[in-house]
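So the structure is just underneath, and the comments pick up after that.
Values in this text are rule-based calculations from the coordinates and carry no lab data. Quick caveat: nothing in here was measured; it's all calculated off a predicted structure. As a convention, Cβ positions derive from the backbone with ideal geometry for all residues, glycine included, and neighbour counts pool all protein chains shown.
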Amino acid sequence: MNRVKSIWLLLSSDAVLCCNEQQQTSSTGINLMSLELFTKIAKLAIEQSWECTILADSNAIPEAYQVLCDKIDAHIVIPSNYNGIVSGECTTVVFESNRMEFIAKYPLVSRAILRVQRSHLPQLSKMTLVLLNHFPHISIKHPELLQYNDEDMIIYKDQLLEISQWLLDKEESWSDYRVSCLTDRFWINDANECSAGIKSLAIGPTGGLYLCTATAHDGRSPCGHILGKLEIPNRHLLTRGYSVPCGKCDASHCSRCAFLNKQSTLEFCVPSKNVCQIAHFEMEVQAWFAQQAMKKGLWNESFSAPESPTIYDPYELVKVEEAPPIGNLWHRLVTFDGHPENLRPPMMLDIIHNIQGCFQALVTCTKAGHAPSVELMKSDILASLRRQTIEQYRDAMFQKDCPTVHEIELLMCNAVREILNSTE
């Protein structure tokens, strides 16, 4: 817990959904955190200087709990149908895209979260602009992101362009508004990831510890208790340093959502295609926005000006000209059932040798001036299959002084990068 800087506290089992978790049916027999436990957590928060965010349900926060919230200077996140008294300075309101009727209820609140359903993507611009007329700071979340197809992504990009144009039409006052996926990048120089499980943890209503609010809502097993120990196996895998795709990516506004990563690729540190693709579309629109603002003389020189992204997934560079023959080795990987006990170290060594062979083929092609095509990189089915196995073996050392699987990956990717740079 010594690295934790902030906590998200779910006050009840029906606490508001505020991130990328799917919509769920409200709980029956709502389990409110006991005042005794809440008092102990508040004391710990003061001792550890934690930043605290409280997730409430639709019921008014009891007065005794509110007193503790005030003592720890907590930020409070509430659903749009909240029934209590609201303080504007420390409150964020969450709107589901199918429940927008309470917008005018919060005249003193400046922050809102919009959780957009996939079917509502064509109305995203309209909904966001309505919200911006009441809340100058908006965050957009995508609970159904993993189900988006290419058409959804194009619709989303077009909607962001419409929002951008609305902001640009505000002339000098455009910077009074913030849209997380569109303008937050202008104000930050470092990665804006959520750091779930590293610097941030969620606490359930019975004191269980979770990587984030989404994993708590999703019914995952806790990784400890706030009054006991924190146990996160392979915790280092949550960091950017252990993510080969994210290590050199310049989408610093991306939260690197560990919840979506684990759902889609079975690895905390490996994003799915959709997670990367949506960040890339956002960066394209951000770059367009910045260019238009500069042309109009509306750009603050202190802002960080993004450029259109050129980002490649190192995992997808293993395929150069055509797929390697599907022999017994790759058959083992294809039939892997997700249980690491069924994938032995000798099999992983064979796989590593095959990957090294693909790497050598890539080096040869690169030296000859033949870069792998986008079509080949997109159609590489082995990349996604390998993602399902590699996490279990990132730190495996098969003999003394042998590099780990992760170190081999980094050596390969760095070597490819050096060759590519030398041929430019």
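Mind sorting 91, 239, 215 by how few other Cβ atoms lie within 10 Å of their own Cβ, fewest first?
Going from sparsest to densest Cβ surroundings: 239, 91, 215.
Work out how much length residue 71 to residue 229 would gain on full extension: take 0.36 nm times their residue separation and subtract the Cα-Cα distance, in nm to one decimal.
On the way: separation 158, 0.36 × 158 = 56.88 nm, distance 2.52 nm.
54.4 nm is the gain from fully extending residue 71 to residue 229.
Once you put a point 7 Å from the Cα of residue 188 and another 7 Å from the Cα of residue 37, both along the Cβ direction, what distance in nm separates them?
For the pair residue 188/residue 37, the computed spacing is 3.0 nm.
Report, by chain and number, residues whose modeled amide H sits under 5 Å from the one on residue 76, excluding near sequence neighbours (fewer than 5 apart, same chain).
54, 91, 92
For residue 139, list long-range residues whose amide hydrogen, built 1.01 Å from N in the peptide plane, is under 5 Å from its own amide hydrogen.
Result for residue 139 returns 112, 113, 114, 180.
Based on the inverse mean of 1/r over its pairs of different Cα atoms, what is the Kirkwood hydrodynamic radius of the stretch 6-229, in Å? Let's see the in-between values first.
Numbers: mean 1/r = 0.0542 Å⁻¹.
Mean inverse Cα-Cα distance, inverted, gives 18.4 Å.
Residue separation times 0.36 nm, minus the C-alpha to C-alpha distance between residue 130 and residue 411: what's the value? Before the final figure, lay out the partial values.
Working: separation 281, 0.36 × 281 = 101.16 nm, distance 4.95 nm.
Fully extending the segment from residue 130 to residue 411 adds 96.2 nm.
Calculate the spin-label point distance for residue 218 paired with residue 98, positioning each point 7 Å from the Cα along the beta-carbon direction, and give it in nanometres.
Going by the 7 Å Cα→Cβ label model, 2.1 nm.
From the alpha carbon gyration tensor of the stretch 1-100, can you work out the equivalent ellipsoid semi-axes (sqrt of 5 times each eigenvalue) and give them in Å, largest to smallest? Could the numbers behind the result be given before it?
Working: eigenvalues 102, 43, 39 Å².
One finds semi-axes of 23, 15, 14 Å for the stretch 1-100.
Would you order 179, 16, 109 from fewest to most other beta-carbon atoms within 10 Å of each residue's own beta-carbon?
Details: 179 23, 16 26, 109 19.
The most exposed by this proxy come first: 109, 179, 16.
Where does the charge balance sit around residue 15 when Lys and Arg score +1, Asp and Glu -1, over other residues with C-beta under 12 Å from its C-beta? The partial results should precede the final answer.
Values: positive: none; negative: 14, 21, 57.
Summing Lys and Arg as +1 and Asp and Glu as -1 gives -3.
Stokes-Einstein diffusion coefficient for the stretch 93-214 at 4 °C in a medium of 1.567 mPa s, Rh from the Kirkwood formula over Cα pairs: what value in µm²/s? Please list the in-between numbers first.
Working: Rh = 16.0 Å.
For the chosen part, D equals 81 µm²/s.
So between residue 3 and residue 169, what do we pick up on full extension, going 0.36 nm a residue minus the alpha carbon distance?
Full extension of this stretch gives 55.4 nm more.
By count of other Cβ within 10 Å, fewest leading, how are 52, 246 ordered? Provide the component values of the computation, followed by the final result.
On the way: 52 20, 246 24.
Ascending number of Cβ neighbours within 10 Å: 52, 246.
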